[in-house]
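Inspection log for the structure reproduced underneath, given as C-alpha cells.
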Amino acid sequence: MTIEELEQIAKNVQQENAKYDFEVNVCMDLACASQGAGALKDALEKAAEAAGKKVLVRRTGCMGPCSHGPLVRVDPEATLYHHVKAENAPSIVYGLGGSPVPELQCDLNDHFDKQVRVVLENAGLIDPEKVDDYIAHDGYKALLTVLTEMTPNGVVHRITESGLRGRGGGGYPTGLKWGTVAKAKGDVKYVVCNGDEGDPGAFMDRSVMEGDPHRVIEGMAIAAYAVGASKGFIYVRAEYPVAVSRLTTALREARRHGLLGNNICNTPFNFDVEIRLGAGAFVCGEETALIASIEGKRGTPKPRPPYPASSGLWGKPTLINNVETYANIAPIVRNGGKWFHDMGSERSKGTKVFALTGKIANTGLVEVPMGIKLREIIEDIGGGVPGGHKFKAVQTGGPSGGCIPEEMLDVGVSYDALVKMGSIMGSGGMIVMDDTSCMVNVARFFIEFCMTESCGKCIPCRAGTAQMFTLLTRICNGTGTIDDLALLEDLCVTVKETSLCGLGQTAPNPVLSTLKYFRNEYIEHILDKHCRAGVCQMAAVESKNEVMA
C-alpha cells in the first residue's frame, strides 16, 4: 500500500458516492439500534427504491445525542432528524431535495456548535465496517506518513509537542510514556489498547470502537512504529460484542489491504494486533491487572515499579494507552503537534470526549475543548436538567470521581482543576444529578461499586471499602452517629493513602467530595433522621411515624 494507492481508494469511494444524489446516514450505535434503527435503515432503502431516487443509505456509529435516537443525517443538506421510526422513511425520502420533514428535524445548535470534534470527527459519516470509507476520510494517511517520512524519534517528538495526556484517567503525558518505552531495552516490545471501560455511565471508548475502529488500529500502529513494537493487543470487555465484532472486521480488512502484518506499506515495519476479551472486572482497567489478565492470570494489580514501560507483558517493555488516546494520534500526525497544542487550556491540551448521562436533557457523547466550563457542557450542550428540577451536582471520573456542586460550575474543565475540586477527569463519564438525588446515598452507591469490584489483594481496599459501605448504610438508614461520620472520614484518608492501586486510592473521592460540599445532608441524616430527597429508607419510617401521631 502506498500513498498513491490510498488516494486512489479515496478517489474511487468519492466517485462511487457521486453516483448518488443524497446520502442518508443512519446511526446504528447501540442506543439507536435498540430503538429500531436496523428496521429504519431497511425501510429507508426500500422507500428510496420505490421512489426511484438515487440515495445511498449508510449505517454509521454514534452521532452524539443518544437521547434523541434513532438519528438520521441527510447530506448534502446536513439535515439531522431525531426520534425517527421505520414508518417515517417514506416522508424523509419524499422530502429529499425539497423541504425537510419539520416534525422530525432536530434543532440542537448549541449542542453541536460548542463542540470541537477530533476523536469523533468521523462520527455519523462513515460505515465502521468498510475500510474504504475510513480511507476516504484520510484514514491511514498518517500511518503511511510516519513510515515513509518520519523517524520513530520524530513521531515521539510530535506527540510530545502536542501536549496530549492519557485519556484513560491518569492524565500521564503521552509523549513522555512513548519516549520511555522507546528507550527501554528489549528484543520484543508490545503495544496494548485498554478498552476495558468499566465506569458506570461511561461509553466513550465503546462508541469509538464501534463507530471508528480503524482509527484505533491506526493509532496503535503509529505507536508501535514509534516505540519499536511488533505486536499489539486490544483488551475489550466481553460485554461489548458489537465493538468486538467491528474490531475483528476492521483488523481483517486492515490486513487485507497490507496495513497490518509484515512489511507494512513496503517498509521493514512489521506489526499485527490481536483482541483479548476481559470478563468485566473493573480492576482490570488498571495497567498491571490488565497485563495479568492478557497473560491468562487472575487480574490483580502489582506494586510499581517496575512500570509496564520497562517490564510489562511477559516481562517485556509495554506501552499501554486507552482507546481515546490512540484515537487522537492520527489527526495529531496529520495536522501537527502545534495544532493540537493550541486547543485546550494551559496544562490540558486538545479535546476530551465525555459521556453525558443522568438527569440531563441531551444524554450522549460530546467532545469539547479542554478548559470549557462545566456550566457550558451541562446547560448549553446538555440542555440542562429536565422536568423543572434543579441541578444539584455533577459527578465526573466514574466511581472514583467526585461530586461537584453548582457553585463550581464556572470552573474550566482540566485535569488539575478537577483534582482541586476533589474529583478527577477519569475516562470521561459525567453523571448529572438533580434535587431528587440524596448525596449520601450517591456516595454509598459508588462505594458499594468499588467494594464489589475490589480484587481483594490489599487490605485497605478490601476491608476499608466494606467498612465505609457499612458506615454509609447506617447513615442512610438513620442509625448513624457523629462518631460514625468521624470514623468514615478517617477511613477515607487511610484507604486513599495506603491502597495498592488506583481503584482503592481513588475510591474515597465520592465520599470526600460529598462531605466537602454536602456535609449538611450527612448531618440531617444523623441528627434529624431526615433525607431531604426522600430517597433513604428513613424517609418511609418518618412518614409512618407521622401518620401514627
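Around the Cα centre of the range 200-297, unit charges on the Cβ atoms of Lys, Arg, Asp and Glu (plus for the first two, minus for the last two) sum to a dipole of about 240 debye. The lysines whose alpha-carbon is closer than 23 Å to the alpha-carbon of Lys359, local same-chain residues fewer than 8 away aside, are Lys114, Lys373, Lys390, Lys392, Lys516.
Are there any trypsin sites (Lys or Arg not before Pro) in the range 248-310 that are in a DSSP loop and have at most 13 other Cβ atoms within 10 Å? List them by number. Taking the range 248-310 and a limit of 13 other Cβ atoms within 10 Å, the loop trypsin sites (Lys or Arg not before Pro) found are Lys297, Arg298. With both residues required to sit in the range 138-341, DSSP beta bridges show an antiparallel share near 10%. Taking Cα extents along the principal axes in Å as the quantity of interest, determine which of (i) 78, 66, 54; (ii) 73, 64, 46; (iii) 79, 63, 40 was computed from the displayed structure. Derived directly from the coordinates: (iii).
Convex hull volume of the Cα atoms of the range 439-548, normalised per residue: 83 Å³. By the compact-protein rule of thumb, 2.2 N^0.38 Å, the alpha-carbon radius of gyration of the range 138-341 corresponds to a ratio of 0.93.
Placing +1 on the Cβ of every Lys and Arg and -1 on the Cβ of every Asp and Glu, with nothing else charged, gives the chain a dipole about its Cα centre of roughly 1500 debye. Toward the positive end of the charge dipole of the chain, with +1 on the Cβ of Lys and Arg and -1 on the Cβ of Asp and Glu, the farthest Cα among Thr396, Leu176, His68 is that of Leu176. Here's the picture: charge each Lys and Arg Cβ at +1 and each Asp and Glu Cβ at -1 in the chain, and of Pro303, Ile377, Gln467 the one pushed furthest to the positive end of that dipole is Pro303. Taking amide H as placed 1.01 Å from N in the peptide plane, Cys403 has its amide H under 5 Å from the amide H of Ser513, Thr514, each at least 5 places away in sequence or on another chain. When you filter the GluC sites (Glu not before Pro) in the range 99-143 for DSSP loop state and at most 10 other Cβ atoms inside 10 Å of their Cβ, nothing is left. Sites listed here are GluC sites (Glu not before Pro) in the range 305-407 whose DSSP assignment is loop and whose Cβ has at most 15 other Cβ atoms within 10 Å: Glu346.
Within the range 1-148, all pairs of alpha-carbon atoms sorted by distance into 5 Å bins from zero give the percentages 2, 9, 18, 21, 18, 15, 9, 5, 2, 1, 0.
No value in this document is a laboratory result; all are computed from the given coordinates. None of these values were measured; they are calculated from a predicted model. All Cβ positions, even for glycine, are placed from backbone atoms using ideal geometry, and neighbour counts span all protein chains on display.
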